[in-house]
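Everything below concerns the one structure shown next.
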Amino acid sequence: MFPELTRDDVFRLETRRLWLRWPRMADASAILRQAGEKAVAEMTASIPHPYPVDAVEPFIFAMRKGNALGEHLVLGITPRSKPNELIGMIGAHRQATGVPFIGYWLGTPHWGKGYATEAVQSLIDTLFSLVEMPAIEADTRVINPASRRVLEKSGFRAEGSFLKSLPARGGLFPCEQFRLDRSTWSALKSWGASGWAHAPEMAPEIEAADLMDTPGEPCPA
């Protein structure tokens, strides 16, 4: 599903404040420290809390392998001024329907700054530009209005609630399904020089989403 361009680890996306680039083994400590925080993990389907130390490097290897094979596109989120400092992750994963599914998480020190919105808008702009697809999907736990705002500011529309299995949380939990159609994206593409313009922040964001499912079904928190 994902093009040759994204299958090389030199691939990256640049926004006004961020670089989105392939995860590296050097990111292991940052992933362990930030993704395993209870406030981040509890809003996701499969990020464990605490995060097992021996699970981080296999996860990074699997994400890099999937990127190289074109099975998904998983990127580390870093400040543009500090590209070696991972502050979160974002990814798009194929589904049997042919519509990719996106998810993301950010470490708690980086909440409330609009980084998730900036990263999501950059990724969906890239996906629609490079891949012939009718839509992009995402979902969020109903107890996380901040992730809902991120998706809504990026053009997604809510399509209803459902119960989703969140293995790391130990059961079924209410989530909301979201979808962004290509036609809507095309209408909104004038949002900025890179395809998007960051919407004004109305309130601090609590941004966390799951990027740890296999193959990667995020339930943004």
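The values are calculated or read from the model by the stated rules, or taken from the named source; none is laboratory data. It should be emphasised that the depicted structure is a prediction, and the values quoted were computed from it without experimental measurement. FYI the Cβ positions are ideal-geometry reconstructions off the backbone, even for glycines, and counts take in every protein chain you see.
List pairs: first in segment 142-153 and closer than 22 Å to W185 by Cα, second aromatic (F, W, Y) and not in a helix (DSSP H, G or I), Cβ under 7 Å, 6+ apart or cross-chain?
As it stands, the answer is L151/F178, since those pairs meet every condition given.
Can you work out which of the residues in segment 107-136 that are among the polar types (S, T, N, Q) and under 17 Å from the mean Cα position of the chain (by Cα) is farthest from T15 (Cα to Cα)?
Looking at residues that are among the polar types (S, T, N, Q) and under 17 Å from the mean Cα position of the chain (by Cα), I get T108.
If you take the residues in segment 137-157 that are within 14 Å of the chain's Cα centre (by Cα) and of a type in the set (D, E), which one is surrounded by the fewest Cβ atoms within 10 Å (Cβ to Cβ)?
E137
Looking only at residues in segment 150-206 that are assigned to a strand (DSSP E or B) and more than 15 Å from D139 (Cβ to Cβ), which one is modelled with the highest pLDDT?
Residues of segment 150-206 that are assigned to a strand (DSSP E or B), as a first pass: 157-166, 171-181.
Checking the rest, the ones that are also more than 15 Å from D139 (Cβ to Cβ) come to 171, 181.
Details: G171: 90, D181: 97.
Selected residue: D181.
The conditions are (1) in a loop (DSSP other than H, G, I, E, B); (2) without any contact (Cβ under 8 Å) to a residue 40 or more places away in the chain; (3) surrounded by 17 or more Cβ atoms within 10 Å (Cβ to Cβ), and V120 fails exactly one of them. Which is it?
(1)
Can you name the condition, by its number, that V53 falls short on among (1) touching a Leu at 6+ places or on another chain (Cβ under 9 Å); (2) surrounded by 15 or more Cβ atoms within 10 Å (Cβ to Cβ)?
It fails just one condition, (2).
If a residue must be under 17 Å from the mean Cα position of the chain (by Cα) and either more than 23 Å from G70 (Cα to Cα) or β-branched (V, I, T) (or both), how many such residues does segment 1-17 contain?
3
Pick out the one residue from E71, E37 that is surrounded by fewer than 23 Cβ atoms within 10 Å (Cβ to Cβ), touching a strand residue (DSSP E or B) at 6+ places or on another chain (Cβ under 9 Å) and of a type outside the set (K, R).
E71
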